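Every number here is computed from the coordinates shown, using simple stated rules; none is lab data. Since the structure is predicted, the reported quantities are computational estimates derived from the model, not experimental observations. Positions of Cβ are generated from backbone atoms using ideal geometry, with glycine treated the same way; all protein chains shown enter the neighbour counts.
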Amino acid sequence: MTKSIFQIVLKHARANNVEKVISVNLEIGALSDLQDEWIQRYFDRLSRGTVVEGAKLKTNRVPAVFRCNCCQEQFRVHSLLEEDLSCRQCNSRDVTLISGREYRVQSMEAH
Amino acid sequence: MEEIRLIDIKEEILSDNRGLADRLRQRLSQEKVFMLNLMGSPGAGKTSLILKTISSLRDRYRIAVVEADIESLVDSEKVAALGIRTVQIQTGGFCHVDAAMVEKALGLLPLGELDLIILENVGNLVCPAETDTGAIRNVVILSVPEGDDKPLKYPLIFSVCDALVVNKVDYMDKADFDLGRVKERVLALNSKIRLFSLSCTTSSGVDEWARWLDQEVSAFQRA
């Protein structure tokens, strides 16, 4: 996973003649169990000696979106650890996940 | 001070792996070989379910097993004892199987002589969920002693699987496990998921699971 992030960043750094990558913006869905601290640690190891070395990973957690099967209301859930997934409008527990699996390198800041 | 540039990327992480996984799926479809990716925690009963599945379906399908569990030397010996072809994936301490590892394993199997490949993924509920192996169907096995809070703590894996097998239901009396709670949570994460409750020890519920897999494999081969 982290290797994939690193490869994407390095590819774009080269394509843009970047001297140094300062930070990388990731968009990660609420469904992911990945820990920011660990991704950063692996990333630091992989990026050693490249223009990406020292870059800070900034994770933007995208909330999961559910749709209620009764009233069709859509609602966001920021943490899936939250016990309650019932519809915010009608309290139905018959709900369907629409999104929350995002895994994207959005952008980077660089010199 | 040099100017800081914001460079737009918008690229999916793991898209390389997904590309390779799609190519593997295509190849499996052409060869009419159904690959099942079985995931679950260590001790959930992955190997037991594989052994049960083999005895239920070996008369109908030519089966092989791809083993990637870290303790899988023991596991592959159990499977090999049944006279089933097994291939060991060396994950090199990796926490999951990726499409490149599967591609290598498939290269060691005579696909033309097989109908069903069962991939025993590494015992872990996090990383395997992120990584497409090229399987036709993904299944997660959860055992009653692990507790009914797993879909709460590891939502991703339940959202990407085609079926959930709740194993060790014979422990239900001894454990504080609310099957209804698990079902409700899992269906919210994944409305299309199929649910099976069984015990590999008593064999209760195994027939229903095997029937589903049988239907999936035969529908795939007819397609």
Kindly give Rg over Rh for region B:49-122, based on alpha-carbon atoms, with the Kirkwood expression for the hydrodynamic radius.
-> 0.95
Can you tell me the 0 to 90 degree angle between the C-alpha axis of helix A:36-47 and the longest principal axis of chain A, rounded to 10?
-> 20
Relative contact order of region B:1-106, pairs being alpha-carbon contacts under 8 Å that are 6 or more residues apart, as % = 24
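Taking neighbour Cβ counts within 10 Å as the exposure measure, how do A:W38, B:W212 sort from fewest upward?
Listed from fewest to most nearby Cβ atoms, that is A:W38, B:W212.
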Based on Cβ point charges of +1 for Lys and Arg and -1 for Asp and Glu, what charge dipole magnitude is obtained for region B:91-223 about its Cα centre, in debye rounded to the nearest 20?
-> 220
Quick one: length gained pulling A:N17 to A:H78 fully straight, 0.36 nm per residue minus the C-alpha distance?
-> 18.3 nm
Starting from the Cα of A:K20, draw a straight line to each of the lysines and keep only those under 18 Å, dropping any in the same chain fewer than 8 residues away.
-> A:K11, A:K56, A:K58
Return a whole-number percent for the relative contact order of region B:96-206, with Cα pairs under 8 Å and 6 or more residues apart as the contact set.
-> 24
What percent does the relative contact order of chain A come to when contacts are Cα pairs within less than 8 Å and at least six residues apart?
-> 37
GluC sites (Glu not before Pro) lying in DSSP loop within region A:13-44, provided at most 11 other Cβ fall within 10 Å = A:E19
Any chance you could check the Cα centroid distance between region B:1-69 and region A:44-88 for me, in angstrom?
-> 23
DSSP loop GluC sites (Glu not before Pro) in region B:2-69 with at most 16 other Cβ atoms within 10 Å of their Cβ, which ones?
-> B:E2, B:E3
Could you work out the mean count of beta carbons from other protein chains within 10 Å of each residue's beta carbon in B:147-155?
-> 3
Starting from the Cα of A:I98, step 7 Å along the direction of its Cβ; do the same at B:D170; then give the gap between the two resulting points in nm.
-> 4.6
Pull the list of chain B cysteines that no other Cys approaches to under 4.7 Å, Cβ to Cβ.
-> B:C161, B:C200
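Translational diffusion coefficient, Stokes-Einstein: compute it for region B:144-199 using the Kirkwood radius over C-alpha pairs as Rh, at 37 °C and 0.692 mPa s, and state it as an integer in µm² s⁻¹.
D, rounded to a whole number, is 291 µm²/s.
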Where Rh denotes the Kirkwood radius from the mean inverse Cα pair distance, what is Rg over Rh for region B:73-223?
-> 0.96
